[in-house]
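So the structure is just underneath, and the comments pick up after that.
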Amino acid sequence: MVNKENYHQLINELDGKATLVAVSKFKTAEDIMELYQLGQRDFGENYVQELMEKQLLLPKDIRWHFIGHLQSNKIKFIAPFIQLVESIDSLKLLGELQKQAKKANRVISCLLQVHIASEETKFGLDENELQELIAAVVNGGEEEWRQISITGLMGMASFSDDERQVRTEFRKLKTLYDTYSGSSSGSIHFSTLSMGMSGDYSLAVEEGSTEVRVGSLLFGKRS
Ligand SMILES: *Cc1c(COP(=O)(O)O)cnc(C)c1O
């Protein structure tokens, strides 16, 4: 069951300042259709198999965002249709995306996932790894990275009630975004700073987010 009141409230609150990606992992195609009928088109999924099943069933004008941990051997399954891969955190993964995008005869947009939280368990590049990856793309040249477009950064803040800490983490990601947004490569065109979830999207937007990824606030708690 979708919480329509929360949806309308969220859309009003975002007021065009940030795009809403509705995170539908573990939720049914029926739930997704409820939001679709309200006009929602961007949906986020974390698991390749689940995403493929839903993509087959659901309207083809849905823009699917992949936001989960991605294994390189599964990129081929989503390359034909994915709108945005938000969780690139290694050069190996980027290389496989390039390869599969070429096979699918597409240019695929992606975000680099940066580790900003204090928790150890979250995926993503640290500052040095981010710098190295961007340098590799810049140095590799346009031919090597023809089929991908790096359109920004994604990050998750700590699960914490400490507003100051969460804000500091978002601010750090925004600073990195600003640092690399001018990178000179035909494959880097920053436009998207993906940060903010059900518990912290307001803070994220205040700190410069252009895309929030909200699940439980819209779809209820996941079991
Ligand atoms: C599950 C998930 C979300 C949504 O989380 P909620 O707290 O339910 O809004 C956002 N981003 C990522 C990367 C996720 O895995």
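Values as computed for the structure displayed
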{"quantity": "Filter result for the condition that a residue is closer than 19 Å to H65 by Cβ and of a type in the set (K, R), over K4, K17", "calculated": "K17"}
{"quantity": "Restricting segment 65-109 to residues that are in contact with an Asp or Glu (Cβ under 7 Å, 6 or more places away or on another chain) and crowded, with 21+ Cβ neighbours inside 10 Å, the residue that is farthest from S191 (Cα to Cα)", "calculated": "I75"}
{"quantity": "So F190, is it hydrophobic (A, V, I, L, M, F, W, C), away from the ligand (no atom under 16 Å from the Cβ) and not in a helix (DSSP H, G or I)", "calculated": "yes"}
{"quantity": "Residues that are more than 13 Å from the ligand (Cβ to nearest atom), of a type in the set (V, I, T) and either in contact (Cβ under 8 Å) with a residue 60 or more places away in the chain or touching a Ser or Thr at 6+ places or on another chain (Cβ under 6 Å) (or both), drawn from segment 20-55", "calculated": "I32"}
{"quantity": "Spans of strands (runs of 3 or more DSSP E) in segment 1-75 with at least 1 residues more than 13 Å from the chain's Cα centre (by Cα)", "calculated": "none"}
{"quantity": "Filter pass, L84 being within 16 Å of the ligand (Cβ to nearest atom) and closer than 20 Å to T19 by Cβ", "calculated": "yes"}
{"quantity": "Number of the condition not met by W145 [criteria: (1) crowded, with 22+ Cβ neighbours inside 10 Å; (2) farther than 20 Å from G196 by Cα; (3) in contact with a strand residue (DSSP E or B) (Cβ under 8 Å, 6 or more places away or on another chain)]", "calculated": "(3)"}
{"quantity": "Top-ranked residue in segment 193-220 [being assigned to a loop (DSSP other than H, G, I, E, B) and within 8 Å of the ligand (Cβ to nearest atom); ranked as farthest from R171 (Cα to Cα)]", "calculated": "G215"}
{"quantity": "Per-region count, segment 32-79, residues in contact with a Phe, Trp or Tyr (Cβ under 6 Å, 6 or more places away or on another chain) and of a type in the set (D, E, K, R)", "calculated": "0"}
{"quantity": "Lone unmet requirement of (1) closer than 20 Å to A157 by Cβ; (2) buried (at least 17 other Cβ atoms within 10 Å of the Cβ); (3) of a type outside the set (A, V, I, L, M) for E127", "calculated": "(2)"}
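One line per residue, one yes/no per condition, for (1) within 13 Å of the ligand (Cβ to nearest atom); (2) within 17 Å of T210 (Cβ to Cβ); (3) among the small types (G, A, S):
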site: M1; (1), (2), (3): no, no, no
site: Y7; (1), (2), (3): yes, no, no
site: L10; (1), (2), (3): yes, yes, no
site: A18; (1), (2), (3): no, yes, yes
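Each reported figure results from applying straightforward, stated rules to the coordinates on display, with no laboratory input. The model shown is predicted, which means the values in this text are computed figures rather than measured ones. Cβ coordinates were reconstructed from backbone atoms using ideal geometry, including for glycine residues, and neighbour counts include every protein chain displayed.
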